[in-house]
Amino acid sequence: MEEEKKVVVNNEDGDSAEINLQATQTAPEVEEIDTAAELEKLQEELKAKDDKILRLQADFDNFRKRTAREKTDLAAVIEQAFLKDLLPLLDNLSRASDAMENADVETLRKGIEMIKQETVAVMGKHGLEPIDTLDKPFDPNYHQAVGTIQDETKEDGLIAAELQRGYIARGRVIRPSMVQVVNNN
């Protein structure tokens with residue numbers, strides 16, 4: 001079926017023109033079939049995308065869980081390696097304890113000094129370093145001031161005494177040094 005429509009078009013000059021348009025009407029069944037097919041196609045695409053999103057979410061969850069498990073496993077391996085390195089220290093402390101009854105003071109002093117050196121070596125192997133303090137300028141990032149000392153031979157702000165050693169591990173302060181700082185004012 002054809003239907004005629006008249007359209008009036010106005011231009012900028014104020015003139016107008018009438019145009020006859022003929023519209024062809026299509027059969028409603030054809031439109032519905034095309035629309036139904038298009039709808040079904042879009043629903044299938046949506047379902048495929050939903051499935052893809054669900055798979056991606058599951059993959060991400062699995063990745064997150066696997067990463068957490070690997071991190072825990074790595075921490076356990078590092079901890080075991082550290083504990084294994086401490087075993088000789090424990091052995092030497094046991095020997096020193098057993099030898100205390102029969103050893104003289106000098107032998108015990110040497111034994112304790114050897115254990116201390118071995119401990120420092122093991123800790124150094126695992127990245128632990130002492131913080132250098134004496135006669136260095138006070139730095140609150142590395143030092144904790146617990147008192148002041150007057151000392152005319154040193155400048156203000158220098159560290160005069162270390163009361164407890166501080167340590168750094170891989171660039172991070174594990175424990176600040178407890179120090180006394182020169183203050184001559």
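Answer with yes or no whether THR133 is of a type in the set (S, T, N, Q) and either loosely packed, with under 14 Cβ neighbours inside 10 Å or part of a helix (DSSP H, G or I) (or both). It would help to see each step written out before you state the result.
Details: of a type in the set (S, T, N, Q): yes; either loosely packed, with under 14 Cβ neighbours inside 10 Å or part of a helix (DSSP H, G or I) (or both): no.
Judged against the criteria, THR133 is not a match.
Are there any pairs with C-beta distances below 9 angstrom linking a residue in segment 44-70 that is in a helix (DSSP H, G or I) to a residue that is surrounded by 10 or more Cβ atoms within 10 Å (Cβ to Cβ), with the two at least 6 apart or on different chains, and if so which?
none
Residues of segment 139-183 being polar (S, T, N, Q) and touching a Ser or Thr at 6+ places or on another chain (Cβ under 9 Å), which ones? If you could, list the steps in order and put the result at the bottom.
Start the filter on segment 139-183 by keeping residues that are polar (S, T, N, Q), which leaves 141, 144, 148, 150, 153, 164, 177, 180, 183.
Those that are polar (S, T, N, Q) and touching a Ser or Thr at 6+ places or on another chain (Cβ under 9 Å): GLN144, GLN164, SER177, GLN180, ASN183.
Does ALA161 satisfy the condition of being within 30 Å of PRO88 (Cβ to Cβ), free of Cβ contacts under 8 Å to residues at least 40 places away in the same chain and either more than 29 Å from the chain's Cα centre (by Cα) or surrounded by fewer than 13 Cβ atoms within 10 Å (Cβ to Cβ) (or both)?
On the way: within 30 Å of PRO88 (Cβ to Cβ): no; free of Cβ contacts under 8 Å to residues at least 40 places away in the same chain: yes; either more than 29 Å from the chain's Cα centre (by Cα) or surrounded by fewer than 13 Cβ atoms within 10 Å (Cβ to Cβ) (or both): yes.
Judged against the criteria, ALA161 is not a match.
Coordinate-derived values only; no laboratory data. Bear in mind the structure is a predicted one, so any value in this text is a computation, not a measurement. Cβ: placed from backbone, ideal geometry, glycine included. Neighbour counts: every protein chain shown.
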